[in-house]
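This report concerns only the one structure given below.
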Amino acid sequence: MKPSTVVGIVIGFFVLIFGLTWIGEGNDFFLYKVFAPKRAAVERQVWEQSPNYIKTMVQELENMQVQYVQTKDPEAKATLAGVILHRASGFDLNNPDVSTDLRAFIEQLKREQRGQ
């Protein structure tokens, strides 16, 4: 065998190995790109249904309710109402851990924002 043939075979071998590695890594990347958002969505749904999340959210909303009641400044109340409604928008207020007082308070804020 000629030296140029051996060099060609070695270079071809390395190109083949690099090509196969690139295909494998590219495949992993594309699979991740497709399935990662779906997995993250499922993880988020599981987290939002966990007792810790629910208790924390109820606590935060109740704390904001106290702040709202104690605040005298109308502008601060309006801002706080917007924050409370935003936080409560994606939360299941029909959950048994949510007090009827908190539910009524949030419904009152919704009516006030609609101008009723």
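Please treat every number below as a calculation from the coordinates, not as lab data. Just so it is clear, the structure is predicted and the values come from calculations on it, not from any experiment. With ideal geometry, Cβ positions are generated from the backbone for all residues, glycine too; neighbour counts draw on all protein chains shown.
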Compare Tyr32, Tyr53, Tyr68 in a GNM of the chain, Cα atoms joined below 10 Å, and give the one with the largest fluctuation. Tyr32
For region 44-94, listing GluC sites (Glu not before Pro) in a DSSP loop whose Cβ sees at most 13 other Cβ atoms within 10 Å gives none
If you work out Cα Rg over 2.2 N^0.38 Å from the coordinates, which of (i) 1.00; (ii) 2.15; (iii) 1.09 do you get? (ii)
Only Lys, Arg, Asp and Glu count, each charged at its Cβ (+1, +1, -1, -1), so figure out the dipole size of the chain about its Cα centre, rounded to 20 debye. 380 debye
Toward the positive end of the charge dipole of the chain, about the Cα centre and with charges on Cβ (Lys, Arg +1; Asp, Glu -1), which of Ser4, Gln59, Leu20 goes farthest? Ser4
Calculated diffusion of region 51-114, Stokes-Einstein form, Kirkwood radius summed over Cα pairs, 10 °C and 1.306 mPa s, µm²/s: 133 µm²/s
Relative contact order as a percentage, region 51-114, C-alpha pairs under 8 Å and 6+ apart, gives 40 percent
When the charge dipole of the chain is computed with +1 at the Cβ of Lys and Arg and -1 at the Cβ of Asp and Glu, the Cα pointing farthest to the positive end, of Val46, Ala78, Phe35, is that of Phe35
